[in-house]
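Q: Take this structure first; my questions come after.
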Amino acid sequence: MHELTVAGNIINIVATEAAKEGSNRVSEVCLEIGLLAGIEYAALDFALEVLAPGTVMEYAAITMEKPGGKGKCNNCGYEFPFETFMGSCSACGSTDLAVIRGNELRVKSITI
Amino acid sequence: MCDTCGCGDNTEHHHHNHNDHTHDHDHAHDHDHDHSHEGQVTIPVGRDILDINNRMAERTRGYFEAKDIYTVNIMSSPGSGKTTFLERTLTDLKEKKSFYVIEGDQQTSRDADRISATGVPVVQVNTGSACHLDAGMVNRAVKELNPENGSLVLIENVGNLICPSMFDLGEKSRIVMMSVTEGEDKPLKYPGMFRTSHLCIINKTDLLPYVDFKVETAVENGLKVNGRLKFLEVSALTGAGMEEWYKWLLANTG
């Protein structure tokens, strides 16, 4: 249940950024949480719902962008869709694969 | 152009008395984002959600590097034998190197008491409701331990194969332990943990004759999610295979 920690961090970041603009309430928060970021989306939704009351995010609509996974072979450089962390490079067969997209874990923007 | 008064001055300035109202237009923000003063404004943030943890981890890592301290973060399910593994390691190596231990558990100091019995300095971190150690907890524990230059700091994370993998603690190496009483498919079920680890220790090999666990299958599964993962087979109880682990550990400490 690290989603609770993640949700707490999101609220802290939003509060800090809103305060820079002189605001203590945001109407929208856009998050970017990749499919390979290790986050269970439903658990994060739930954690935000639990933690938001009484904070800057109490009335905020949350939009979540969910970039799909993309891998790159460390051996031959081939790039391919990567959804499960598993498998081998379809070009050279290597299992030495890097994630180049899908592990995003970001607060993208806030609307105040 | 300023959105409020239409003048060509883009720098911050006051708008006095137009429309004959007297409220204060003294806003502090810049004019560099596109909005009207009445409507809502969307502000790009682009901050990593684990930013605070990652920065703290880098601070701790810098401290370790400066003092030539080698650190490992040991992670596994509850009951894989991390503490027994540490006890034997410390008993066998404490004369050769200076060790310090950080014990992470949700509650109690039972593990720290066991480590303390080996004579090695230990700090117990109780995470309370959290299911993992984070960089702030480790940073505070390290300050308390005040490890000497050239030593080793072994961090035993909370028993959990999911959450700890996301939190950089400032360690140099990550070790995931699995025991032969668990399934060979652990790497496939918990790929995040096995992907971010450098070494996988397969523990409790003394029980291999009694369980349906094939080491080759476990290794194969581990390599499916992390082609660079290294493996060692040990029994922390009998000591079998521990020499190989000591070689690995001491080779990394220089």
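Q: Could you size up the charge dipole of the stretch B:51-253 around its Cα centre, putting +1 on the beta carbon of Lys and Arg and -1 on that of Asp and Glu, and report it in debye to the nearest 20? If you can, show how the numbers build up before the last one.
A: Details: 24 positive and 27 negative charges, 78 e Å.
Roughly 380 debye, rounded to the nearest 20.
Q: Now for a different question. For the stretch B:166-237, just the Cα set please: Rg and Dmax, both in angstrom.
A: When restricted to Cα atoms, the stretch B:166-237 yields Rg and Dmax of 12.0, 39 Å.
Q: Mind giving me the FRET efficiency for residue B:252 and residue A:74? R0 is 22 Å, r the Cβ-Cβ distance, nearest 0.05 is fine. Mind showing how you got there, number by number?
A: Working: r = 22 Å, r/R0 = 0.98.
With a Förster radius of 22 Å, E is 0.55.
Q: Further question on the same structure: Grab the other residues whose beta carbon is less than 13 angstrom from that of residue B:120, score K and R as +1, D and E as -1, and report the net.
A: Values: positive: B:88, B:94, B:96, B:97, B:114; negative: B:87, B:92, B:95, B:103, B:111, B:113, B:148, B:156.
Within the 13 Å Cβ shell, the charges total -3.
Q: Per residue of chain A, what 222 nm ellipticity follows from adding -39500 (n - 2.57) for every DSSP H run with n ≥ 4, rounded to the nearest 500? Don't skip to the end; give the middle numbers.
A: Working: 2 runs with 29 residues, N = 112.
It lands at -8500 deg cm²/dmol.
Q: Using Cα centres only, tell me the gap between the stretch B:133-211 and the stretch A:13-39 in whole Å.
A: Between the Cα centre of the stretch B:133-211 and that of the stretch A:13-39, the gap is 31 Å.
Q: Please rank B:212, B:48, fewest neighbouring Cβ atoms within 10 Å first, as an exposure proxy. Please report the intermediate quantities before stating the final value.
A: Numbers: B:212 8, B:48 16.
Listed from fewest to most nearby Cβ atoms, that is B:212, B:48.
Q: Where is the GNM fluctuation largest for chain A (alpha-carbon springs, 10 angstrom cutoff): A:34, A:71, A:54?
A: Answer for the Gaussian network model of chain A: A:54.
Q: Something else about it: Considering only B:109, B:119, B:64, whose Cα is most displaced toward the positive end of the charge dipole of the stretch B:51-253, charges sitting on Cβ of Lys, Arg (+1) and Asp, Glu (-1)?
A: The listed residue farthest towards the positive side: B:64.
Q: Evaluate 2.2 N^0.38 Å with N set to the residue count of the stretch B:82-185, then give the Cα radius of gyration divided by it. Please list the in-between numbers first.
A: Values: Rg = 13.5 Å, N = 104, 2.2 N^0.38 = 12.8 Å.
Output field value: 1.05.
Q: Can you give the % of DSSP beta bridges in the protein assembly as shown that are antiparallel, to the nearest 5? Provide the component values of the computation, followed by the final result.
A: Numbers: 18 of 52 bridges.
Counting DSSP beta bridges with both partners in the protein assembly as shown, the antiparallel share is about 35 percent.
Q: Please give the FRET efficiency for residue B:207 paired with residue A:94, using the beta carbon to beta carbon distance and R0 = 22 Å, rounded to the nearest 0.05. Spell out each step's value before the answer.
A: On the way: r = 34 Å, r/R0 = 1.54.
So, using R0 = 22 Å, E works out to roughly 0.05.
Q: Treating only the Cβ atoms of Lys and Arg (+1) and Asp and Glu (-1) as charged, compute the dipole magnitude of the protein assembly as shown about its Cα centre; round to the nearest 20 debye.
A: 1740
Q: Charges on Cβ only, +1 for Lys and Arg, -1 for Asp and Glu, centred on the Cα centroid of the protein assembly as shown; of A:99, B:141, B:203, which one is farthest towards the dipole's positive end?
A: B:203
Q: Cut-off is 10 Å between beta-carbons; in what order do B:210, B:246 appear when sorted fewest neighbours first?
A: Fewest-to-most Cβ neighbours within 10 Å comes out as B:210, B:246.
Q: Further question on the same structure: Determine the sum of side-chain charges near residue B:217: Lys and Arg each +1, Asp and Glu each -1, restricted to other residues whose C-beta is under 15 angstrom from that of residue B:217.
A: Values: positive: B:186, B:189, B:214, B:224; negative: B:182, B:184, B:185, B:212, B:216, B:220, B:233.
Combined, the nearby Lys, Arg, Asp and Glu give -3.
Q: Within the set of other residues whose C-beta is less than 14 Å from the C-beta of residue B:55, count the net charge using Lys and Arg as +1 and Asp and Glu as -1.
A: Values: positive: B:47, B:59, B:61; negative: B:48, B:51, B:58, B:134, B:168.
Computed value for this residue: -2.
Q: Tell me which of B:170, B:227, B:246 sits at the most positive position along the dipole axis of the stretch B:51-253, charges placed on C-beta atoms (Lys, Arg +1; Asp, Glu -1).
A: Going by the Cα projections, it comes out as B:170.
Q: With the crude spin-label approximation of a point 7 Å out along Cα→Cβ, what separation in nm comes out for residue B:110 versus residue B:96?
A: My value for the distance between the label points is 3.1 nm.
Q: Further, regarding this structure: Looking only at Cα atoms, what is the convex hull volume of the stretch B:51-253 per residue, in Å³?
A: 113
Q: Between residue A:42 and residue A:16, what is the FRET efficiency for a Förster distance of 25 Å, r being their Cβ-Cβ separation, to the nearest 0.05?
A: Details: r = 26 Å, r/R0 = 1.06.
With a Förster radius of 25 Å, E is 0.40.
Q: Still on this structure, please answer the following. Take the Cα coordinates of the protein assembly as shown, assign each an equal point scatterer, and use the Debye formula without solvent to give log10 I(q)/I(0) at q = 0.09, 0.10 Å⁻¹.
A: -0.62, -0.73
Values in this text are rule-based calculations from the coordinates and carry no lab data. The structure displayed is predicted, hence computed values, not measured ones. Positions of Cβ are backbone-derived with ideal geometry, glycine not excepted, and every protein chain shown enters the neighbour counts.
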